[in-house]
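> Okay, here's the structure, questions in a sec.
The values are calculated or read from the model by the stated rules, or taken from the named source; none is laboratory data. Fair warning: this is a prediction, and the values are worked out from it, not measured in the lab. Positions of Cβ are generated from backbone atoms using ideal geometry, with glycine treated the same way; all protein chains shown enter the neighbour counts.
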């Protein structure tokens, strides 16, 4: 592979990744934002996490999968319950991983 | 003298707390970063290029896509353009973190934003929602997560094709499980549950429609607009 092209691509990727990360904080952090903007931004964490999480649980291979062998989906239910009851970050991650490992072992 | 040593101790505690809070992210990054390293090795990138990409770009999904595009012989311009589209979602993330970054210096903001990923963002927004905006802890979380990402990429590269399958350990579920915990902590009332459901469905519909590269950003804008709209509407009803 052409070394120079690879390095150039990496530099380009770095710039286009950093720009959207840094622009909002440099432009917004020093000023007081209007109420409707703050309200809108307060829903971004819930929205963006849902937009990333739910497809990974329900569309693990690109298509809707509600089958019993979709371990990612069924492990999520006890994990949500534990997260809601205990607010434990570690507990939830450990339970989720444990259930997926156990599920794979059982399903062979 | 006494104040100075106490300050030092406080900074150390804040740093340790950040490292500890980042551990679930580390657990999630190890298998994903290693997977990236293995793929980079198979694609023919050098060890230096692999580690450099994790150090400089630091964006999991974009790096995995880039390696696949390298393997397919795509030109640099399309790889960079795809990276831009895939990572545009971070704009919304750092924008939503700004209320917790008041009174930070410009260079601190610049450094902090560099290490905002899906996972560190989720952790910071949960912290900020609890009123925890300590700068040292914030940087400790970011540096720990980034170090794990770079290290995992390097180890994956070294292991190459000989890396054992991580699936039997359920390590590939670390990140979804982390999102489950962080999403649950974000949900403060019934409206948040509706926003979560609405956005999740919108993202899945977009993926099914073939717009998978834009699904996160479009669904997030729609979901946040839905939440803010319903909240304003409810306020007007009650007043």
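> Report, by residue number, each residue of the range B:208-239 that is over 24 Å from the mean Cα position of the chain (by Cα) and more than 10 Å from chain A (Cβ to nearest Cβ). Full working, then the answer.
Residues of the range B:208-239 that are over 24 Å from the mean Cα position of the chain (by Cα), as a first pass: B:209, B:229-239.
The answer is B:209, B:233, B:234, B:236, B:237, B:238, B:239.
Quick grid of which residues meet (1) facing chain A (nearest Cβ under 8 Å); (2) within 14 Å of the chain's Cα centre (by Cα); (3) surrounded by 17 or more Cβ atoms within 10 Å (Cβ to Cβ):
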{"site": "B:130", "(1), (2), (3)": "no, no, no"}
{"site": "B:174", "(1), (2), (3)": "yes, yes, yes"}
{"site": "B:179", "(1), (2), (3)": "yes, yes, yes"}
{"site": "B:184", "(1), (2), (3)": "yes, no, yes"}
{"site": "B:188", "(1), (2), (3)": "no, no, no"}
{"site": "B:193", "(1), (2), (3)": "no, no, no"}
{"site": "B:196", "(1), (2), (3)": "yes, no, yes"}
{"site": "B:199", "(1), (2), (3)": "yes, no, yes"}
{"site": "B:206", "(1), (2), (3)": "no, no, yes"}
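> Any chance you could count how many residues in the range A:66-104 are exposed (fewer than 13 other Cβ atoms within 10 Å of the Cβ) and within 7 Å of another protein chain (Cβ to nearest Cβ)? Reasoning before the result, please.
First, pick out the residues of the range A:66-104 that are exposed (fewer than 13 other Cβ atoms within 10 Å of the Cβ): A:66-69, A:77, A:85.
Applying the additional criterion that residues be within 7 Å of another protein chain (Cβ to nearest Cβ) yields none.
Of the residues in the range A:66-104, 0 are exposed (fewer than 13 other Cβ atoms within 10 Å of the Cβ) and within 7 Å of another protein chain (Cβ to nearest Cβ).
> Do we find a residue being surrounded by 15 or more Cβ atoms within 10 Å (Cβ to Cβ), within 11 Å of chain A (Cβ to nearest Cβ) and closer than 25 Å to residue A:15 by Cα anywhere in the range B:2-24?
no
> Something else about it: Scan the range B:23-57 residue by residue and report those that are within 30 Å of residue A:93 (Cα to Cα), assigned to a helix (DSSP H, G or I) and at pLDDT 95 or above.
The answer is B:50, B:51, B:52, B:53, B:54, B:55, B:56.
> Can you pull out every residue in the range B:66-81 that is in a helix (DSSP H, G or I), free of Cβ contacts under 8 Å to residues at least 24 places away in the same chain and surrounded by fewer than 17 Cβ atoms within 10 Å (Cβ to Cβ)? Don't jump to the end; show me each part of the working.
Of the residues in the range B:66-81, the ones in a helix (DSSP H, G or I) are B:66-71, B:76-81.
Okay, now just the ones that are also free of Cβ contacts under 8 Å to residues at least 24 places away in the same chain, so B:66, B:69, B:76-81.
Hits for the range B:66-81 are B:77, B:78, B:81.
> If you go through the range B:150-171, how many residues are at pLDDT below 90 and surrounded by fewer than 20 Cβ atoms within 10 Å (Cβ to Cβ)?
Residues flagged as at pLDDT below 90 and surrounded by fewer than 20 Cβ atoms within 10 Å (Cβ to Cβ) within the range B:150-171 amount to 11.
> So which residues in the range A:11-26 are surrounded by fewer than 22 Cβ atoms within 10 Å (Cβ to Cβ) and under 16 Å from residue B:50 (Cβ atoms), if there are any at all?
Of everything in the range A:11-26, those that are surrounded by fewer than 22 Cβ atoms within 10 Å (Cβ to Cβ) and under 16 Å from residue B:50 (Cβ atoms) turn out to be A:11, A:14.
> Considering (1) over 11 Å from the mean Cα position of the chain (by Cα); (2) modelled with pLDDT of 90 or more; (3) within 7 Å of another protein chain (Cβ to nearest Cβ), say which one residue A:27 fails and leave the rest.
All conditions are met except number (3).
> While we're here: Which numbered condition trips up residue B:84, out of (1) in contact (Cβ under 8 Å) with a residue 24 or more places away in the chain; (2) within 10 Å of chain A (Cβ to nearest Cβ); (3) within 16 Å of the chain's Cα centre (by Cα)?
Failing condition for residue B:84: (1).
> Taking helices (runs of 4 or more DSSP H) that fall entirely within chain A, which contain at least 2 residues that are under 30 Å from residue B:66 (Cα atoms)?
On the way: elements: A:3-28, A:35-42, A:44-58, A:71-86, A:89-107.
Output list reads A:3-28, A:44-58, A:71-86, A:89-107.
> So for the range A:1-18 (the condition being modelled with pLDDT under 90, closer than 30 Å to residue B:97 by Cα, more than 7 Å from chain B (Cβ to nearest Cβ) and in contact with a helix residue (DSSP H, G or I) (Cβ under 8 Å, 6 or more places away or on another chain)), does at least one residue qualify? Let's see the steps before the verdict.
From the range A:1-18, those modelled with pLDDT under 90 are A:1-3; that's our starting set.
Within this subset, residues satisfying the condition of being closer than 30 Å to residue B:97 by Cα are none.
No, the range A:1-18 contains no residue that is modelled with pLDDT under 90, closer than 30 Å to residue B:97 by Cα, more than 7 Å from chain B (Cβ to nearest Cβ) and in contact with a helix residue (DSSP H, G or I) (Cβ under 8 Å, 6 or more places away or on another chain).
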